[in-house]
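The values are calculated or read from the model by the stated rules, or taken from the named source; none is laboratory data. It should be emphasised that the depicted structure is a prediction, and the values quoted were computed from it without experimental measurement. Note that each Cβ is placed from the backbone with ideal geometry, even for glycine, and that neighbours are counted across all protein chains shown.
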Amino acid sequence: AQALRLALIDAAPESAEEPTVVVLSPGIYSETAFDQAYLASVLGLPLVESADLVVRAGKLWMRSMGTLKRVDVVLRRVDAGYADPLELRADSRLGVVGLVEVLRRGAVTVVNTLGSGVMESPGLLRFLPELAEMLLDETPLLATAPMYWGGIDVERSHLLAKLSSLLIKPVTGGDPIVGPELSAGQLEALAARIEAIPWQWVGQELPQFSSAPTDFFPGGLSSSGVGMRLFTVAQHAGYAPMVGGLGYLVAPGTAAHRLNTIAAKDIWVRTPTRVIAEKITATTQPELSRADDASGSPATLIRSSPTRDISSPRVLADLYWIGRYAERAENMARLLTVTRERYHEYRYRRTMPGSECVPVLLTALGTITGTDTGAGSDYVEMVATAPTTLWSLTADRYRSGSLAQSVERLSLAARSVRDQMSNDTWMVLSALERALLHGPDTPPESQAEGDAFLSSTNTLTLAGMLALSGVVAESMVQDVGWTMMDIGKRIERGLALTALLRATLTTARLPDAEQSITESTLIACESAVIYRRRNPGMFSVAGVAELVLFDAQNPRSLLYQLDRLRTHLNSLPGASGSSRPERMVDEIATRLRRIEPAELEVVTATGARDEFDGLLAGIHHDLRELSGVITATHLSLPGGMQPLWGHDPRRGMS
């Protein structure tokens, strides 16, 4: 890894004093997205996508919190044809507009450079032995399966005569054609195409793959064809082999000749001598800073990364939503748990005063998720539909606001910034995915089995979210990315709290029902224990509001979230202390502090706590608006690319 990293730095243009290197990825939907993120993480380089880069003034730049950072080297993981939609494929959404022009000017180095894929042309491979001998006075150590080019009369005759037993490849690129798979008519048509333009075709003897024992197929050990893909790094002294490679099983039959693989594993390449990373020249040496210890004596020189403090809006947006989805999943797991417990407590005792909490909690679930929970009907129908409702809100990833949907979107956002996530984070997320996203699609016939699944799933999710919070708090560097993640968490917690309180406590009920609903709400807010300690044997809306709205020392209170938001927004790069997001937080906090908890207890003639409801509705609206302003101010991405000519399906309106 060190050899590759230093080779990338050394490849920077001569004008670069502190080269900035990035890994350009097509995104999380690429089949090699994991490899790209892992490579960027090991090399310590930013993993970027096309939206993170922009060409200005003949140079390539990376977006970072409203500023631009010069990029000198791009480790390209996007296919060459998609690298620049302006000069290459106009339908590409994976490349950077103007990258080819910057490359022409020598203002950036692309590794491997655009056009290097010509080395994989079958036409060039046919003449590789002759080229090696002519240019290097060397003979290849590994022989290639015999090849025949249609541009040479003798070889074309052999190619046409043996067409049914050869692997046919177009020299201009494209999928190979396996001769033994073709019918007589297809062979005749292919022969006509070759005779029409013979120079475009190369035939190769079918390679014989090595074989190795494998247990991939059912029935124990068997033999299968295998292949290897190895890698080297260009250095001044030549090419250095990397110690890691990829071994793969090829598909059985003729599909193997198209290199269709069915399994792959990392392999270790043993070399006679360990690869030594070459030293970087002084002109490309990154700046070194000297750290002194507490006694004032000089300590070790520390190499600072030119991309250390860079975070693109795309990365920050994903981290922001990781914070929001994680908090949303935690809140939903708590509310589902207390609702399920109250349902089982009162399902056969609907005449008890406290049973009114069940439809209230189910209604709260519907209000928070924006879906129908069937709780507006009579008690009998509510009891009949509650198990299905609880199952859907837990396990149905396609239901808006469900626990499964929150976890799925959390995982998706985390994959978008995989290079930012530690192994501990993935351990937590993987356990959550196994619990929620790989479970049964429909409820089991046995209600007991279904309830056991819901209980374990909610418990595992809650434990996972708490573990994730611990990893983020104790293991993640508290830079701008961490700050944005915590901003998302605080906004989501405020939104969930105001929505829950508004759905449960803004309507007055009989004392027994009020107590049951209040206690359930406190449990869902993770504030029941501290409330009982402060208010033993007494439940009141004013007491709840004092704890979960106004107590700045309670990490679950609304005021605590606002204080954290103010601190975080003030710490962001470019913060002025009077930006619009900061002013909005101050206005919400001021509005909250003007209210006395006792005022929220007042009940109107209609049985509603209008003051309480108005406060919660207003703050909930303001928090949503704050989220939009933060997104527009700090997380805004450029608009999608649109070709100036040709068809673009996005131009149509639906």
Of all residues in region 404-431, count the ones that are surrounded by fewer than 20 Cβ atoms within 10 Å (Cβ to Cβ) and either assigned by TED's automatic domain parsing to the domain that holds Val23 or among the acidic types (Asp, Glu) (or both).
2
Per the filter on region 607-635, residues at negative phi, part of a loop (DSSP other than H, G, I, E, B) and touching a strand residue (DSSP E or B) at 6+ places or on another chain (Cβ under 9 Å) are Arg609
Residue within region 74-81 that is assigned by TED's automatic domain parsing to the domain that holds Thr20, in contact with an Asp or Glu (Cβ under 6 Å, 6 or more places away or on another chain) and either modelled with pLDDT under 90 or not in a helix (DSSP H, G or I) (or both) present:
no
Looking at (1) closer than 24 Å to Gly123 by Cβ; (2) among the aromatic types (Phe, Trp, Tyr); (3) part of a strand (DSSP E or B), find the lone condition where Trp199 falls short.
(3)
Hey, among Asp153, Asp175, Asp137, which residue is acidic (Asp, Glu), closer than 18 Å to Pro207 by Cβ and exposed (fewer than 12 other Cβ atoms within 10 Å of the Cβ)?
Asp175
Name every residue in region 570-583 that is closer than 16 Å to Asp622 by Cα and within 27 Å of the chain's Cα centre (by Cα), in order of residue number.
Pro581
Restricting attention to region 196-207, which residues are farther than 14 Å from Leu166 by Cβ, out of contact with any Lys or Arg (no Cβ under 8 Å at 6 or more places or on another chain) and not β-branched (Val, Ile, Thr)?
Ala196, Trp199, Gln200
Kindly provide the set of residues from region 374-425 that are of a type in the set (D, E, K, R) and either modelled with pLDDT of 85 or more or closer than 23 Å to Tyr29 by Cβ (or both), ordered by number.
Asp396, Arg397, Arg399, Glu408, Arg409, Arg415, Arg418, Asp419, Asp424
Just need a number here: residues in region 411-431 that are β-branched (Val, Ile, Thr) and over 20 Å from Glu330 (Cα atoms).
1
Looking at Leu24, Leu43 in this structure, which one is more than 30 Å from Ser579 (Cβ to Cβ), in contact (Cβ under 8 Å) with a residue 60 or more places away in the chain and not hydroxyl-bearing (Ser, Thr, Tyr)?
Leu24
All but one of (1) closer than 21 Å to Ala255 by Cα; (2) surrounded by fewer than 16 Cβ atoms within 10 Å (Cβ to Cβ) hold for Gln204; state the number of the condition that does not hold.
(2)
Selection over region 36-73 where residues are aliphatic (A, V, I, L, M), closer than 26 Å to Gln2 by Cα and either in the same structural domain as Ser422 (by TED's automatic domain parsing) or in a loop (DSSP other than H, G, I, E, B) (or both) yields a count of 2
For Glu526, state whether it is out of contact with any Leu (no Cβ under 9 Å at 6 or more places or on another chain), assigned to a helix (DSSP H, G or I), under 26 Å from Val360 (Cα atoms) and assigned by TED's automatic domain parsing to the domain that holds Arg609.
no
Hey, among Asp613, Asp586, Asp563, which residue is modelled with pLDDT of 95 or more, more than 33 Å from the chain's Cα centre (by Cα) and either closer than 22 Å to Leu316 by Cβ or assigned by TED's automatic domain parsing to the domain that holds Asp486 (or both)?
Asp613
From the residues in region 1-26 that are surrounded by fewer than 18 Cβ atoms within 10 Å (Cβ to Cβ) and in a loop (DSSP other than H, G, I, E, B), which one is modelled with the lowest pLDDT?
Ala1
Going by the conditions given, is Ser224 of a type in the set (Gly, Ala, Ser), modelled with pLDDT under 95 and exposed (fewer than 14 other Cβ atoms within 10 Å of the Cβ)?
no
Assuming Gln478 fulfils every condition listed in (1) within 21 Å of Leu549 (Cα to Cα); (2) surrounded by fewer than 23 Cβ atoms within 10 Å (Cβ to Cβ); (3) of a type in the set (S, T, N, Q) apart from one, which condition is it?
(1)
Determine whether region 591-598 contains at least one residue that is surrounded by 17 or more Cβ atoms within 10 Å (Cβ to Cβ), in contact with an Asp or Glu (Cβ under 9 Å, 6 or more places away or on another chain) and at pLDDT 95 or above.
no
Could you identify the single residue in Leu167, Leu163, Leu125 that is in contact with a His (Cβ under 6 Å, 6 or more places away or on another chain) and surrounded by 17 or more Cβ atoms within 10 Å (Cβ to Cβ)?
Leu167
Residue count, region 8-21, condition in contact with an Asp or Glu (Cβ under 8 Å, 6 or more places away or on another chain), under 13 Å from Leu45 (Cα atoms) and of a type outside the set (S, T, N, Q), comes to 2
Of (1) modelled with pLDDT under 90; (2) in contact with a helix residue (DSSP H, G or I) (Cβ under 7 Å, 6 or more places away or on another chain), Glu449 fails just (2)
Count, please, the residues in region 101-111 that happen to be without any contact (Cβ under 8 Å) to a residue 60 or more places away in the chain and surrounded by 19 or more Cβ atoms within 10 Å (Cβ to Cβ).
3
Exactly one of Thr461, Thr442 is buried (at least 19 other Cβ atoms within 10 Å of the Cβ) and either outside the structural domain of Leu39 (by TED's automatic domain parsing) or within 15 Å of Glu327 (Cβ to Cβ) (or both), and that residue is Thr461
Return the residues of region 503-515 that are in contact with a helix residue (DSSP H, G or I) (Cβ under 6 Å, 6 or more places away or on another chain), part of a helix (DSSP H, G or I) and more than 14 Å from Leu335 (Cα to Cα); say none if nothing qualifies.
Asp512, Ala513
Taking region 529-551 and the residues there that are in a loop (DSSP other than H, G, I, E, B) and at pLDDT below 95, the one that is nearest to His620 (Cα to Cα) would be Ser540
Could you check Leu94 against (1) outside any loop (DSSP other than H, G, I, E, B); (2) in contact with a Phe, Trp or Tyr (Cβ under 6 Å, 6 or more places away or on another chain); (3) in contact (Cβ under 8 Å) with a residue 60 or more places away in the chain and say which number it fails?
(1)
The number of residues in region 84-107 that are more than 24 Å from Pro13 (Cβ to Cβ) and among the β-branched types (Val, Ile, Thr) is 0
For Asp153: the one exception among (1) touching a residue at least 40 places away in the same chain (Cβ under 8 Å); (2) farther than 21 Å from Gly253 by Cα:
(1)
